[in-house]
Amino acid sequence: MEYRVLPHGGDKISVIGLGSAGLHSATDAEVERTIDEAVDAGVNHFDFIPSEAKPLAAMGRALHRHRADVHIQVHIGALYGGGAYAWTTDAKPAIAEFEQRLAAIGTDYADFGFIHCIDEDADLDRVMNGGIWDYAQARRADGTIRHLAFSTHSPHIARRLLATDVFDLAMFSLNPMYDYTDESEYGQGEVADRMALLREFERAGVGVSVMKPFAGGQLLDAAQSPFGRALTRTQCIQYALDKPGVVTVLPGVHGTADLHDLLAYFDATPEERDYSVLATCVPQSREARCVYCNHCQPCPAGLQIGLINKYYDLARVGDELAAEHYRNLARHAGECVGCGHCDRRCPFGVEQPARMREIAAYFGM
Ligand code: SF4
Ligand code: SF4
C-alpha cells in the first residue's frame, strides 16, 4: 500500500480507499470479507454511504472490528429510511441518520464528518442556515467529528465551502470523462477550471478524496465510454492520483473480486499506469497543457518533468509549500539541456524546453 499525508492533522491515508456504492449486491458475509481483506491489504480509508440500506449493518460490524486502524467518512445528509439511499438538507433527519451510522459502527466519532453532496447554492444556503452547519461545527468542537469534510460535483460550491476555511477534506468527482466531456451532470466545470480548483484545494491544505474515478464504470467499457475506447482501472486511478491535492481514490466495489482488481494497481508496471493514450481521445485545447502524466520520462538530465510542472503550477497560485517542494528537488528546471526528448514523447503537445526556461526564471534557480 502507498500512503499520503492529510495536510491538516497529518493522518496517513491509503491512496486507494473503498467506496461502498456497489456493496448492496453482496451478501453480508461478502461485505465483511471485502472490508477485512481491504484492511489486511493496508486500505485504511472507507466511505460509509452505500446506495441501499442493506449492507449498512454488515459494514458497521466490519468497520467496528478495525475501528482503531481505519478512517471512516460519515455523511450528514444521507438517509436510508425507505431502504434506499436518499438525500436531504433537512437537519433533523440528517442528524438522526448521522448518529445512527456512528451507532451502527459502535463508535462515538467520525474521522470525517461530511456536509453531504451539495451542488446548488440554494441547498448550501439551507445547510448553512437550517441546522446542519451548526451541528457539524459543534460536533467538530466536541471531537465527535475529527475532520470536517464536504462532497460536491460543483467547482462553484467547492469554492464557497473552501472560503469558510473550516475543512480538511473534500470529496470531488474526478476522471477524464468529467474533465473533458459534457457527458455527465456530475462533471461540472471546464477542465481548466476543474484543474484550477484542485490547485486551490492543495494550496488551502484541503485533501481530496476522489469519487467516481471510473465514471460509474463507463470509462472501463469501450461501448459506454465517450472516448470510444476502454481505460483500465489502473489508468483511471493513476489519472486521479497525479492531480494536485488528491490524497486518496475511493472506487465503489461490489465485493472481493472488485477489491482484487483495484489492488492490482500496486503491481502494475509504469506502462500499465500510463494513461497518455487520452491525448488521442480528448479535445486538444489551443494551449498545450502538462497533465503531469510522466509519459515523457526518462529525462536524460534527470528532471522529474511532471512533478516540476505540477509544483510550478501550484506555486503560481500561491502554494508556498509546493514552491518549497520544488526548491528541495534534486534537479531543477534550469538543468534542462533542451534535448527535446520529452517533446517527442509528449502526447499532449507540451514543449518542455521553453516551459523549463520559464520555470527556471520564475524560481530564479
Ligand atoms: S510534458 Fe507531456 S508527457 Fe510529460 S508529464 Fe507533461 S503532459 Fe505528460
Ligand atoms: S528537453 Fe529538458 S526536460 Fe526535456 S528531456 Fe531534455 S533535458 Fe529533460
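The values are calculated or read from the model by the stated rules, or taken from the named source; none is laboratory data. Source: prediction; values computed, not measured. In this analysis, Cβ positions are derived from the backbone assuming ideal geometry, glycine residues included, and neighbour counts consider all displayed protein chains. Each accessible area value is taken on the protein alone, full model and side chains, heavy atoms only, with ligands, DNA and RNA left out. Shrake-Rupley method; radii C 1.70, N 1.55, O 1.52, S 1.80 Å.
Go through segment 265-279 and give me each residue that's closer than 14 Å to Gly42 by Cβ and open to solvent by 40 Å² or more (accessible area, probe 1.4 Å). Scanning segment 265-279 gives Phe266, Asp267.
Residue-wise test of (1) in contact (Cβ under 8 Å) with a residue 40 or more places away in the chain; (2) in the same structural domain as Asp319 (by TED's automatic domain parsing); (3) in contact with a Gly (Cβ under 6 Å, 6 or more places away or on another chain).
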site	(1), (2), (3)
Gly9	yes, no, no
Ser20	yes, no, no
Arg33	yes, no, no
Asp36	no, no, no
Pro50	no, no, no
His71	yes, no, no
Ala104	yes, no, yes
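In the set (1) at negative phi; (2) touching a helix residue (DSSP H, G or I) at 6+ places or on another chain (Cβ under 9 Å); (3) surrounded by fewer than 13 Cβ atoms within 10 Å (Cβ to Cβ), Asp319 fails one condition alone, (3).
So which residues in segment 344-357 are within 12 Å of ligand 2 (Cβ to nearest atom) and in contact (Cβ under 8 Å) with a residue 40 or more places away in the chain, if there are any at all? Write out each step before concluding.
Step one: filter segment 344-357 for residues within 12 Å of ligand 2 (Cβ to nearest atom), giving 344-346, 350-357.
Those that are within 12 Å of ligand 2 (Cβ to nearest atom) and in contact (Cβ under 8 Å) with a residue 40 or more places away in the chain: Arg345, Cys346, Val350, Glu351, Gln352, Arg355, Met356.
Considering only residues in segment 299-331 that are without any contact (Cβ under 8 Å) to a residue 40 or more places away in the chain and within 11 Å of ligand 2 (Cβ to nearest atom), the one that is nearest to Ala360 (Cα to Cα) turns out to be Arg331.
In the set Gly255, Gly228, which member is open to solvent by 10 Å² or more (accessible area, probe 1.4 Å) and farther than 17 Å from Thr152 by Cβ? First the steps, then the outcome.
Details: Gly255 fails: open to solvent by 10 Å² or more (accessible area, probe 1.4 Å).
Exactly one of Gly255, Gly228 is open to solvent by 10 Å² or more (accessible area, probe 1.4 Å) and farther than 17 Å from Thr152 by Cβ, namely Gly228.
Report yes if some residue within segment 295-316 is closer than 29 Å to Leu231 by Cα, outside the structural domain of Val15 (by TED's automatic domain parsing) and among the charged types (D, E, K, R); otherwise report no. The answer is yes; a qualifying residue exists. Of the residues contained in segment 134-141, one or more are found to be open to solvent by 10 Å² or more (accessible area, probe 1.4 Å), in the same structural domain as Ile49 (by TED's automatic domain parsing) and in contact with a Leu (Cβ under 6 Å, 6 or more places away or on another chain). Here segment 347-365 is the region considered, the condition is being open to solvent by 30 Å² or more (accessible area, probe 1.4 Å) and within 11 Å of ligand 1 (Cβ to nearest atom), and the residue that is modelled with the lowest pLDDT is Pro347.
Checked against (1) at pLDDT 95 or above; (2) among the hydrophobic types (A, V, I, L, M, F, W, C); (3) surrounded by fewer than 17 Cβ atoms within 10 Å (Cβ to Cβ); (4) out of contact with any Asp or Glu (no Cβ under 9 Å at 6 or more places or on another chain), Ala86 passes all but a single condition, namely (1).
Which of the residues belonging to segment 312-346 are within 13 Å of ligand 1 (Cβ to nearest atom) and either of a type in the set (Val, Ile, Thr) or not in a helix (DSSP H, G or I) (or both)? I'd like the intermediate steps shown before the answer.
Initial filter on segment 312-346 (within 13 Å of ligand 1 (Cβ to nearest atom)): 312-313, 333, 336, 340-346.
Of everything in segment 312-346, those that are within 13 Å of ligand 1 (Cβ to nearest atom) and either of a type in the set (Val, Ile, Thr) or not in a helix (DSSP H, G or I) (or both) turn out to be Cys336, Gly340, Cys346.
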